[in-house]
Amino acid sequence: DGVVDSEELKSNDLDAKIPESELETKEKGTEEEPTREADGNILDVSSDYPRDKHISIQRHLADLEKLADLREDEKKPCPLCPEEKFKACYGHKLHRHLQNLHWKVSVEFKGYRMCICHLPCLPGKPNLLGDQTLSKMGAHYHCIICSATITRRTDMIGHINRHVNKGETESRFTTVRAPTNEVIKESATDVQVLPNHSTPQKTDSYFNPKMKLNRQLIFCALAVLAEERKPIECLDAFGATGIMGLQWAKHLRSSVKVTINDCNENSVEIIKENCHLNKLKVKLNMKEGDSDGTVGDGEENTDTIEVTKMDANVIMHLRSFDFIHLDPFGTSVNYLDSAFRNVRNLGIVSLTSTDISSLYAKAQHVALRHYGCNIVRTEYYKELAARIVIAAVTRAAARCNKGIEVLLAVALEHFVLVVVRVLRGPSTADNSAKKIRYLIHCQWCEERIFQKEGNMVEENPYQQLPCDCHGSMPGRTAVVLGPLWSGSLFNTGFLRRMLLEAVQYGLDEAQPLLKTLVCEAECTTLKHFSTHGPGDENKQEECGVYIKTSNTSAESYMVPGKRKGEEVIRGVAKRQRGEHSAEHPAFYYNMHRHSIRGMNMPKLNKFLNYLSEAGYRVSRTHFDPMGVRTNAPLAQFKTVLMKYSTPTNTVGQAEGPVHLPGDVQVEEEVPAAADTKEEDAEFPEDDKSGVVDAVSTQSYPTDCAAD
């Protein structure tokens, strides 16, 4: 932060001899103490005892002028400049000098101004004899907190901000008052945070209010798991303030056994205080086998939270859990092997990745280093990020002979959330690993398709793409991305039960997103959305395993004989798998990205109906507000979009289909003759020419006309 004063060593020696120095000052100079306290609140550390602040630190310009003793009839030197730099002058000239050179470029902090100083204040290096020599230096500032000398104004501002982030707002030799902790309430849970809680990596209690939606989604996933089996052991591996674990324990109560872990000692103390604030018991476990229980003063809630101070990899290696959540600062790939090592069968692992610069293809070399994936910036970059994380999770689980079933994948502005269920066994691990494939992406029209399974090398991989850009455009038009997860991103039954939990606990922010996710998983529009899906809601087949919820009567599925009962359950699972075998289409298209210049696009909801009428599965996506998830090829997507677009020069024209030329038709059922006559009546021959010219560019196989 600056040049360290060599006299700090002297101050350390003084700290070791506090009793003797205090006795001497009390006997000899008791009258000097009140004067020193009255002169300045912020002290300097470069002297043998606390003294006044540096002369360059003043509250008002008048104080600086009073220090210079301005007089019109007598020349006075500048108190902050040496004589060789600024000679003595009369009062009016010295006033302009102090105002323009020192005061205007000062740094303000709590009513004080740290003016620029030109005096030779920096002590030089000691020579062989140990003498200190004052070296000549340029302009600099004196820190009001630690008395460090900083040469640049921007560096001084950053130096002060670092003090504020650490909670240091007074001199280190004064009695520092503890910073007042702010109490934040979220989902009926109170947590204390430090004043610098919003600055990551510079605080011990990082709290991000923008991650509230992320915490609600994780809570709903845990609540669904708690309905399947009770009690479950869950771990918040990176506690920080402990807000997530506190919400689990406060709302789910005896259904969960919560463990909050953090490797920082200050964070552990904050977590303990927050547990007492919410009237929860605390069980400390700093080392394996050594536990110390401290009980909170509340009597309303008798639930106990275990607080541990370990590395996240260590605690996941030592103990087994049913639910593990990973939310480190940045990537979570360093903790995946430990998470899947001891997680129980049919347990859930959720992870939040905040390294969006690499996942969203802004730092492609970092994505290659962390995830081993080659990526480029595409229109579907958010879904690409989710599939990158799931691929890393799948490889980590396969190394522990475990497979996964993706329950939820969300990629928003600040984070990527992935929730998976763990399936033990080498066969499930092999099935999951087979879903990791490479993606062929056309850079010209942005068509994409996963490579076929198999190890054989194809002569022309461009033939797998539905587009013909390689034949019509020179050079190499496609790139290979990945490896990526090629399976489904959602489990419809699990999402519906999460929605029911969100309604039950009043999580208003998560409900709209969960509705969108259910529609996206089923690839339907919100108009056809219903709280209960096809079949009984309580009969869910997830991860190839039949799961009974609390509302399902156990007698309905009890068959005499263990093997016969398993066969009945397996038969129900196969029947449900046949009903819901169609997964949602991979990736989505952006309407604005494929719009035609000079044409007005239809409304998004109407366009979804047009695609649905054409016989394609279609839904909106949470990844992109203007994205359309559909199984239609890109060529048909553009054809339908162009058919129902209107020219911009047509004023007051009703939104409807545009009469297309003969070579551009939608690959669907031919409309009736009556409909054709109506379209001809709507566009007379004189008015059709402009429309035909506007849409005739569709004959090109690429977007060159649109660009």
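The values are calculated or read from the model by the stated rules, or taken from the named source; none is laboratory data. Everything quoted here is computed from the prediction, not taken from an experiment. Glycine also receives a Cβ, built like all others from the backbone with ideal geometry; neighbour counts cover every protein chain displayed. Areas reflect the complete protein model, heavy atoms only, side chains present, ligands, DNA and RNA absent. Shrake-Rupley method; radii C 1.70, N 1.55, O 1.52, S 1.80 Å.
Here are a few things to note about the model shown:
- Surface accessible to a 1.4 Å probe, Asp190 within the full protein complex, Å²: 40 Å²
- Over every Cα atom in region 319-369, the radius of gyration and the widest Cα-Cα span, Dmax, amount to 12.9, 37 Å.
- Probe 1.4 Å - accessible area at Phe219, Å² to nearest ten: 10 Å²
- Rounded percent of accessible protein surface that carbon and sulfur make up, region 586-647, 1.4 Å probe: 46 percent
- Once the Cα gyration tensor of region 339-454 is diagonalised, semi-axes √(5λ) in Å: 25, 17, 12
- Centre separation in Å (Cα based) which lies between region 335-354 and region 67-120: 63 Å
- Phi angles of region 449-456 translate, via the Karplus equation with coefficients 6.51, -1.76, 1.60 and θ = phi - 60°, into HN-Hα couplings of 7, 6, 5, 5, 6, x, 9, 6 Hz per residue; Gly and Pro are given as x.
- These residues, Lys75, Lys272, go from largest to smallest accessible area, 1.4 Å probe, as Lys75, Lys272.
- Counted residue by residue at 0.36 nm each, then reduced by the alpha carbon distance between them, the extension gain from Asp430 to Ala188 reaches 82.8 nm.
- Region 425-485 and region 360-417 have their alpha-carbon centroids 17 Å apart.
- Ranking by accessible area, most exposed first, for Arg319, Arg215, Arg399 with a 1.4 Å probe: Arg399, Arg319, Arg215
- In this calculation the C-beta distance from Gln451 to Glu509 is compared with R0 = 56 Å, giving a FRET efficiency of 0.90.
- Within the full protein context, the accessible area of Trp444 is estimated at about 100 Å² for a probe radius of 1.4 Å.
- Separation of the Glu83 and Gln99 label points, Cα + 7 Å toward Cβ, nm: 2.8 nm
- Average accessible surface for region 304-348: 34 Å² per residue, computed with a 1.4 Å probe over protein heavy atoms with every protein chain in place.
- Using every pair of separate Cα atoms, the Kirkwood estimate puts the hydrodynamic radius of region 586-647 at 11.5 angstrom.
- Contact order relative to length of region 586-647, as percent, for alpha carbon pairs under 8 angstrom and 6 or more apart: 47 percent
- Among the listed pairs Lys66/Lys110; Lys185/Lys210; Lys362/Lys382; Lys402/Lys435, those whose Cα-Cα separation exceeds 18 Å are Lys66/Lys110.
- Residues Met473, Met114 ordered from highest to lowest accessible area at a 1.4 Å probe: Met473, Met114.
- A cut-off of 5 Å between modelled amide H atoms, ignoring neighbours fewer than 5 places along the same chain, links Ala478 with Gln443.
- Amide H contacts of Ile404 (H built 1.01 Å from N, in plane; Pro and chain starts excluded): Leu423, Ser432 sit under 5 Å, all sequence-distant by 5 or more or on other chains.
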